[in-house]
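The values are calculated or read from the model by the stated rules, or taken from the named source; none is laboratory data. This one's a predicted model, so the numbers in the text were calculated from it and none came from an experiment. As a convention, Cβ positions derive from the backbone with ideal geometry for all residues, glycine included, and neighbour counts pool all protein chains shown. Protein only, heavy atoms only, side chains kept; ligands, DNA and RNA dropped before computing areas. Shrake-Rupley method; radii C 1.70, N 1.55, O 1.52, S 1.80 Å.
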Amino acid sequence: MIHTNTTSNHKTQQFASDNYSGICPEALDYMLRANQEHQYAYGDDAWTQAAADKLRDVFETECEVYFVFNGTAANSLALASLCHSYHSIICHELAHIETDECGAPEFYSNGSKILVAQGAEGKLTPEGIEQLVLKRSDIHYPKPKVVSLTQATEVGTVYSKEELLEIRNIADKHDLRLHMDGARFANAIATLAVKPKEITWQCGIDVLVFGGTKNGLAVGEVIIFFKRKLAEDFDYRCKQAGQLASKMRYLSAPWLGLLENEIWLNNAQHANRCAARLEFELTQFPGIETLFPRQANAVFVNMPPQVIDYLHSQNWQFYTFIGAGGARFMCSWDTSESTIDQLVQDVREGIEQA
Ligand SMILES: *Cc1c(COP(=O)(O)O)cnc(C)c1O
């Protein structure tokens, strides 16, 4: 077997997360363009205006747009704006807001409780939501006010338009607002091949967090309010939370690079295609099966522990947080064919040695 540089066995690309990838050239280009001259601070600059307008074009509606540093802040502040402290937020038990935000949604909402529902393939169902809503109606229980969905989900699945509309119906019935954690919204759009409006405001989503980081930005997510009233005073909330960038143009201008010529969609399509290919290759091996339907840019598979150990010994990084034998491989906008080939080759060697 021939390895390149067997002493350090360094990998230039990994599968741990799509945020291991760097900045895509188009976003970087806008970062440099925005660096040519002085501009107004705190979001009053021309780049921020242009990026917000471009987002309104992409979503084909008048919406309120805010640029913040990361997804935890975006989700938490958006959720806080949708409920009072005595309200509760319903989400899937695997939701990032529940498992990976260190209590930030509760912190920023001054104590709104997160209620978790179960559901196959990382998705909420109308029944699961209704069960939580109807469980209690007395004064001693925090009143459900928001449903938070992740699109694409934490296990790499995607809600269809029909599933979203069913959730909207149940939300309407119980007067619940809808938040969408779209850290991988672009990947979901690439999968569904629909217009952004079709799975957001046309499905009754009140607030979307549109992820830029995993799609090819250096940093930054966008919070989009489809009902302007809900965005009242949101700028103050961002400022108080330390999320108002004084040189906001460096968060916003790179979005123009993603949005022009649909680079955001190309990036997501590429990542999804890589995941499809990786899934195909991995499942050719006996003893490797997918754990969840691969619908976006993540591949979840069961593999023998010896193979996982072998991959780790070859310096591959990937998450194994989903129980013994489970491994997550995440593809990104720049995952190369040769990286996939190398990984598959190492899986082959791992199986041979097991
Ligand atoms: C990556 C991710 C986020 C954002 O995480 P930050 O590290 O706070 O930027 C939010 N939701 C989901 C589902 C994610 O995968």
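Screening the range 139-190 for residues that are among the small types (Gly, Ala, Ser) and open to solvent by 10 Å² or more (accessible area, probe 1.4 Å) and picking the one that is farthest from GLN295 (Cα to Cα) gives ALA183. Figure legend. Inter-residue proximity from the range 114-138: first residues within 21 Å of TYR86 (Cβ to Cβ) and assigned by TED's automatic domain parsing to the domain that holds ILE89, second residues polar (S, T, N, Q) and surrounded by fewer than 17 Cβ atoms within 10 Å (Cβ to Cβ), beta-carbon distance below 8 Å, spacing 6+ or different chains. Indicated pairs: ALA117/GLN131. Any idea which residue in the range 191-231 is nearest to PRO126 (Cα to Cα), counting only those that are within 16 Å of the ligand (Cβ to nearest atom) and open to solvent by 20 Å² or more (accessible area, probe 1.4 Å)? If we take residues in the range 191-231 being within 16 Å of the ligand (Cβ to nearest atom) and open to solvent by 20 Å² or more (accessible area, probe 1.4 Å), then THR191 is nearest to PRO126 (Cα to Cα). Restricting attention to the range 102-115, and to residues there that are open to solvent by less than 60 Å² (accessible area, probe 1.4 Å) and touching a helix residue (DSSP H, G or I) at 6+ places or on another chain (Cβ under 7 Å), which single residue is nearest to ARG237 (Cα to Cα)? Here the answer is SER109. Check LEU256, LEU278 and return the single one that is in a helix (DSSP H, G or I), in contact with a Lys or Arg (Cβ under 7 Å, 6 or more places away or on another chain) and surrounded by 14 or more Cβ atoms within 10 Å (Cβ to Cβ). Testing whether each residue is in a helix (DSSP H, G or I), in contact with a Lys or Arg (Cβ under 7 Å, 6 or more places away or on another chain) and surrounded by 14 or more Cβ atoms within 10 Å (Cβ to Cβ) leaves just LEU256. Tallying residues that are small (Gly, Ala, Ser) and open to solvent by 50 Å² or more (accessible area, probe 1.4 Å) within the range 325-350 yields 1.
Restricting the range 46-65 to residues that are more than 21 Å from ILE189 (Cα to Cα) and buried (at least 20 other Cβ atoms within 10 Å of the Cβ), the residue that is nearest to the ligand (Cβ to nearest atom) is THR48.
Screening GLN353 on (1) open to solvent by 20 Å² or more (accessible area, probe 1.4 Å); (2) under 26 Å from the mean Cα position of the chain (by Cα) shows it passes everything except condition (2).
Here are some residues: GLY242, GLY257. Which one is modelled with pLDDT of 95 or more, over 17 Å from the mean Cα position of the chain (by Cα) and within 16 Å of the ligand (Cβ to nearest atom)? Answer to the check: GLY242. Residues in the range 260-288 that are within 22 Å of the chain's Cα centre (by Cα) and not polar (S, T, N, Q): 15 in all.
Restricting the first member to the range 264-279 and to residues that are farther than 10 Å from ILE340 by Cβ, and the second to residues that are surrounded by 19 or more Cβ atoms within 10 Å (Cβ to Cβ) and among the basic types (Lys, Arg), the beta-carbon pairs closer than 8 Å and six or more apart or on different chains are ALA268/ARG184; ALA276/ARG294; GLU279/ARG294. For the range 133-187, taking the residues that are closer than 20 Å to GLN202 by Cβ and aromatic (Phe, Trp, Tyr), the one that is farthest from the ligand (Cβ to nearest atom) is identified as TYR159.
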